[in-house]
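Asker: I am attaching a structure below and will ask some questions about it afterwards.
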């Protein structure tokens, strides 16, 4: 078994490690895009375009631009921003803003990973998606650094997001899943 360097979830004797190896084998055997972190590149916009589109809106306004996706009337799954895919100016990868701003930001990277496992176990094609892990991780980092500011100054949400990308704390290419 080959060690996958740079994958924060890969630990050989864990559920995530086993699932990760299975996912890598599936992609190697013909499935998936050659670069899974750029699979929606043709549908993506620049970070500047996204920030312009959400300027002056609160976090809640942004994550509720599209209709609720809940199976019940509980309203537990916001639809997300109207622009879903954004290019990260630091590494060129595509961020799924629904995952970043809802899953990663609200539920953390760990719970986002568990959701990916649940999707995979249900046989959903989006389960264990590299781009979802990447986006969830960014959302979790954004939440850790900007939750208080977003609560105090909700109309400054787009400015907080801009600052998050302008000054990435300890930035390295570890934001994404290395493949």
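The values are calculated or read from the model by the stated rules, or taken from the named source; none is laboratory data. Since we're looking at a predicted model, the values are computed, not measured. No Cβ is skipped: glycine too gets one built from the backbone with ideal geometry, and neighbour counts run over all protein chains shown.
Asker: Of the numbered conditions (1) touching a helix residue (DSSP H, G or I) at 6+ places or on another chain (Cβ under 7 Å); (2) without any contact (Cβ under 8 Å) to a residue 24 or more places away in the chain; (3) more than 22 Å from residue 67 (Cα to Cα), residue 137 satisfies every one except a single condition; which is it?
Answerer: Unmet for residue 137, out of (1) touching a helix residue (DSSP H, G or I) at 6+ places or on another chain (Cβ under 7 Å); (2) without any contact (Cβ under 8 Å) to a residue 24 or more places away in the chain; (3) more than 22 Å from residue 67 (Cα to Cα): (2).
Asker: In segment 45-60, which residue that is outside any helix (DSSP H, G or I) and under 18 Å from the mean Cα position of the chain (by Cα) is surrounded by the most Cβ atoms within 10 Å (Cβ to Cβ)?
Answerer: The extreme case among them is 45.
Asker: With respect to residue 158, is the statement that it is at pLDDT 90 or above and either in a loop (DSSP other than H, G, I, E, B) or in contact with a strand residue (DSSP E or B) (Cβ under 9 Å, 6 or more places away or on another chain) (or both) true?
Answerer: No: the conditions fail for residue 158.
Each row is one residue, and each column tells you yes or no for (1) in contact with a helix residue (DSSP H, G or I) (Cβ under 6 Å, 6 or more places away or on another chain); (2) closer than 24 Å to residue 157 by Cβ.
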position: 48; (1), (2): no, yes
position: 82; (1), (2): no, yes
position: 101; (1), (2): yes, yes
position: 117; (1), (2): no, no
position: 120; (1), (2): no, no
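Asker: So, one more: With the structure loaded, tell me whether residue 96 is more than 17 Å from residue 133 (Cα to Cα), modelled with pLDDT of 95 or more and surrounded by 12 or more Cβ atoms within 10 Å (Cβ to Cβ) or whether it fails that test.
Answerer: no
Asker: Out of the residues in segment 122-135 that are assigned to a helix (DSSP H, G or I) and in contact with a strand residue (DSSP E or B) (Cβ under 9 Å, 6 or more places away or on another chain), state the one that is farthest from residue 110 (Cα to Cα).
Answerer: 131
Asker: Right, next: Taking residue 9 as meeting all but one of (1) under 24 Å from residue 166 (Cβ atoms); (2) surrounded by 16 or more Cβ atoms within 10 Å (Cβ to Cβ); (3) modelled with pLDDT under 95, write down the number of the exception.
Answerer: Failing condition for residue 9: (1).
Asker: Quick one: would you say residue 72 is outside any loop (DSSP other than H, G, I, E, B) and either modelled with pLDDT under 90 or touching a helix residue (DSSP H, G or I) at 6+ places or on another chain (Cβ under 6 Å) (or both)?
Answerer: For residue 72, the condition - outside any loop (DSSP other than H, G, I, E, B) and either modelled with pLDDT under 90 or touching a helix residue (DSSP H, G or I) at 6+ places or on another chain (Cβ under 6 Å) (or both) - is not met.
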